[in-house]
Amino acid sequence: ATPTSLMVGTGRGAEAGVLFRKGEALQHLQDVAVIAVDKTGTLTEGKPALTDLEVTPGFEAAAVLALIAAVEQHSEHPIARAIETAAQQQQLTIPACSDFESLTGLGVTAKVMTAARAGVTPNEQTQHIALGADRLMQQMGIDIRPLASTAARLGKEGKTPLYAALNGQLAAIIAVADPIKASTPDAIAGLHQLGLQVVMITGDNRHTAAAIARTLGIDQVVAEVLPSGKVDALQQLKAALPQGKKLVFVGDGINDAPALAAADIGMAIGTGTDVAIEAADVVLMSGNLNGARTAIALSKATMTNIR
Ligand code: ADP
Ligand code: MG
């Protein structure tokens, strides 16, 4: 590669909203065979909304929603915003909570003081609240079987099911749905046209991930992984590449920095966090996956001209 042609390629990228932060990315992208993509915020808007809430006998929907909103006030996850918004829309009073803990890739827990209510609860009570994936409930020794088939159904609808437990008792199942970005189907088609295998990597539920992958024609799914599991999955994909071929990872930022570093070429979509952008070789200012196709096409054009 001549310095001049690489400069021209980099300049064209900048015009198209593709920022090559490291020079080698433009040269290596022509050899990409597999593109692994984070689901939340990359394929989807990253702005889920609450769609379902079903309580078990003895629990009250509004009361459960207020309690889980209390916990989610302390979380930065997009799921937390969905729950908070729903509670606000129902004009629920959200109690204060303490001992908040976020278990990455699993869910959240905290303690909430509920005030005495005349004729209902005689005294103030401390309730332990847990909200998250089936794996969180299993870790806490909570039997999710009464709601497992509901969870599977919600997942097959492309929604993310989450279990809520109060004082160690299964209290509710909720679901959040995160719309697929309007630009995603075209972007996937474009990547397939370039001959790439598209893999979705997500911490989300396996049923949810499979439903979304089917809708989008994604070739392979890795679901229910922790951030460290994303790195492991990328290393496996890398090891399986044909000689001389490269692996790209595209993420939006939240928890993605290790995955961006683990791929041969890491791409961050421009709306991502600053941390992730620092770990990226390429930044896609379009804020969507179409930028990845542009970047790869540009690399092929640049490197062909050089030869
Ligand atoms: P991804 O970004 O790939 O969707 P995350 O690691 O951010 O994966 O989240 C994986 C799963 O962890 C979520 O689908 C959810 O089940 C659970 N989770 C994470 N954060 C929260 C939260 N604040 N509230 C409830 N569940 C959560
Ligand atoms: Mg994420």
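Annotations for the structure displayed:
- Filter pass, THR42 being under 21 Å from ALA175 (Cβ atoms) and modelled with pLDDT under 95: yes
- Residues being under 19 Å from the mean Cα position of the chain (by Cα), within 16 Å of ligand 2 (Cβ to nearest atom) and among the hydroxyl-bearing types (Ser, Thr, Tyr) are entirely absent from the stretch 214-224.
- So THR208, is it within 16 Å of ligand 2 (Cβ to nearest atom), in the same structural domain as ALA87 (by TED's automatic domain parsing) and under 29 Å from ALA62 (Cα atoms): no
- Qualifying residue in the stretch 13-23 (condition: within 16 Å of ligand 1 (Cβ to nearest atom), under 24 Å from the mean Cα position of the chain (by Cα) and buried (at least 20 other Cβ atoms within 10 Å of the Cβ)): no
- Residue match in the stretch 59-69 (condition: within 18 Å of the chain's Cα centre (by Cα), surrounded by 18 or more Cβ atoms within 10 Å (Cβ to Cβ) and in a helix (DSSP H, G or I)): no
- Near pairs, Cβ below 7 angstrom, 6+ apart or cross-chain, from the stretch 39-58 (in the same structural domain as LEU147 (by TED's automatic domain parsing) and over 17 Å from ALA211 (Cα atoms)) to any residue that is away from ligand 1 (no atom under 14 Å from the Cβ) and outside any strand (DSSP E or B): LEU53/ALA61; GLU54/THR150; VAL55/ALA61; THR56/PRO146
- Which numbered condition THR85 misses (of (1) hydroxyl-bearing (Ser, Thr, Tyr); (2) within 27 Å of the chain's Cα centre (by Cα); (3) within 30 Å of ALA279 (Cα to Cα)): (3)
- Matching residues, the stretch 193-215, being within 11 Å of ligand 1 (Cβ to nearest atom), outside any loop (DSSP other than H, G, I, E, B) and not aliphatic (A, V, I, L, M): ARG206, THR208
- Residue within the stretch 144-157 that is in contact with a helix residue (DSSP H, G or I) (Cβ under 9 Å, 6 or more places away or on another chain), of a type outside the set (Asp, Glu), on the phi < 0 side of the Ramachandran plot and in a strand (DSSP E or B) present: no
- GLU101 vs. criteria within 23 Å of the chain's Cα centre (by Cα) and free of Cβ contacts under 8 Å to residues at least 40 places away in the same chain: yes
- In the stretch 30-58, of all residues being within 10 Å of ligand 1 (Cβ to nearest atom) and in a strand (DSSP E or B), the one that is surrounded by the most Cβ atoms within 10 Å (Cβ to Cβ) corresponds to ASP38.
The values are calculated or read from the model by the stated rules, or taken from the named source; none is laboratory data. The model shown is predicted, which means the values in this text are computed figures rather than measured ones. Glycine gets a Cβ as well: all are built from the backbone with ideal geometry, and neighbour counts include every protein chain shown.
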